[in-house]
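Right, one structure below, let's go through it.
The values are calculated or read from the model by the stated rules, or taken from the named source; none is laboratory data. Predicted model only: the values in this text are computed from it and were never measured. Positions of Cβ are backbone-derived with ideal geometry, glycine not excepted, and every protein chain shown enters the neighbour counts.
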């Protein structure tokens, strides 16, 4: 089985997308997985419109060029917490043509099941479209208020601590019911809590408890994440183990080079390597 490439958190940086096209043209991976935060950061009332222009213009053309660079390529992608969900229809419109949309789905690539979720625990940021309570247990997020864009216009939103649902844990169990977790690669924008993959500069762990618990119980072969850009530099590793599960966050911080990981899904532990750090 040929190798796959995973990256995340490109945030509309065209130089990183251009590097990805070049890598695909040179190495012809069977699949490229992009784990969220596709668009340039765009807050405020015009944010969704600015991101829509990026998706309908640059990202569509990028996907066409990826197909030209490697005709057999499977491109799987999803949004992250910095992408306005009002534009998810752009991903849906080209699903099955230019790419395969991964959020809340289980897809098959050459017999390998791939499941994806964009949800992250509540952040200090204002875009709340892809945030959820983590697992229903007590938590005290720094910022409960912000805006959601589903429906097409920005609407003020505030998470209610008295009603901690729906949760990321709920979404994970829904995915698990549609696949065999022990045989599935999970692409989850948030990293699992308490690992080398979820550390911010203050040395704190900010990943998802629900994802950590899910990996502990179900032991999927591989959990691919992003979201915490600096974690590999803070923890000195882009990977960790949760029992038999390999957890990965390639980061996207402190380097002008594309950060991602190569792997063969049939032999993850033997083949996993970083595009920058080796």
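Things to note:
- Looking only at residues in segment 197-217 that are in a loop (DSSP other than H, G, I, E, B) and in contact with a strand residue (DSSP E or B) (Cβ under 8 Å, 6 or more places away or on another chain), the one that is farthest from residue 243 (Cα to Cα) is 206.
- Scanning segment 97-123 for residues that are in a loop (DSSP other than H, G, I, E, B), touching a strand residue (DSSP E or B) at 6+ places or on another chain (Cβ under 7 Å) and in contact (Cβ under 8 Å) with a residue 40 or more places away in the chain turns up 102, 104, 118, 119, 123.
- Identity of the residue in segment 154-176, in a loop (DSSP other than H, G, I, E, B) and touching a residue at least 24 places away in the same chain (Cβ under 8 Å), that ends up farthest from residue 187 (Cα to Cα): 154
- On the stretch given as segment 156-178, residues that are over 15 Å from residue 125 (Cα atoms) and either at pLDDT below 95 or surrounded by fewer than 18 Cβ atoms within 10 Å (Cβ to Cβ) (or both) total 12.
- Selection status of residue 217, without any contact (Cβ under 8 Å) to a residue 12 or more places away in the chain and touching a helix residue (DSSP H, G or I) at 6+ places or on another chain (Cβ under 9 Å): yes
- Flag if residue 129 is closer than 25 Å to residue 6 by Cα, in a loop (DSSP other than H, G, I, E, B), in contact with a helix residue (DSSP H, G or I) (Cβ under 6 Å, 6 or more places away or on another chain) and without any contact (Cβ under 8 Å) to a residue 60 or more places away in the chain: yes
- Within segment 180-206, residues that are modelled with pLDDT under 95 have Cβ atoms under 6 Å from residues that are in a loop (DSSP other than H, G, I, E, B) in these pairs: 201/230, counting only partners at least 6 apart in sequence or on another chain.
- Verdict on residue 150 being loosely packed, with under 14 Cβ neighbours inside 10 Å, in a loop (DSSP other than H, G, I, E, B) and in contact with a strand residue (DSSP E or B) (Cβ under 6 Å, 6 or more places away or on another chain): no
- Test set (1) closer than 20 Å to residue 263 by Cα; (2) over 15 Å from the mean Cα position of the chain (by Cα) - residue 213 fails condition number: (1)
- Being part of a strand (DSSP E or B) and under 26 Å from residue 263 (Cα atoms) is a description that does not apply to residue 9.
- Residues of segment 15-41 classified as at negative phi and more than 18 Å from the chain's Cα centre (by Cα), total: 12
- If only residues of segment 5-14 that are buried (at least 20 other Cβ atoms within 10 Å of the Cβ) and under 20 Å from residue 232 (Cβ atoms) are counted, the one that is nearest to the chain's Cα centre (by Cα) is 8.
- Subset tally (residues that are crowded, with 20+ Cβ neighbours inside 10 Å and over 22 Å from residue 81 (Cα atoms)) for segment 222-239: 1
- Residues satisfying the stated conditions in segment 250-271, i.e. over 25 Å from residue 201 (Cα atoms), in contact with a strand residue (DSSP E or B) (Cβ under 9 Å, 6 or more places away or on another chain) and part of a loop (DSSP other than H, G, I, E, B): 264, 265, 266
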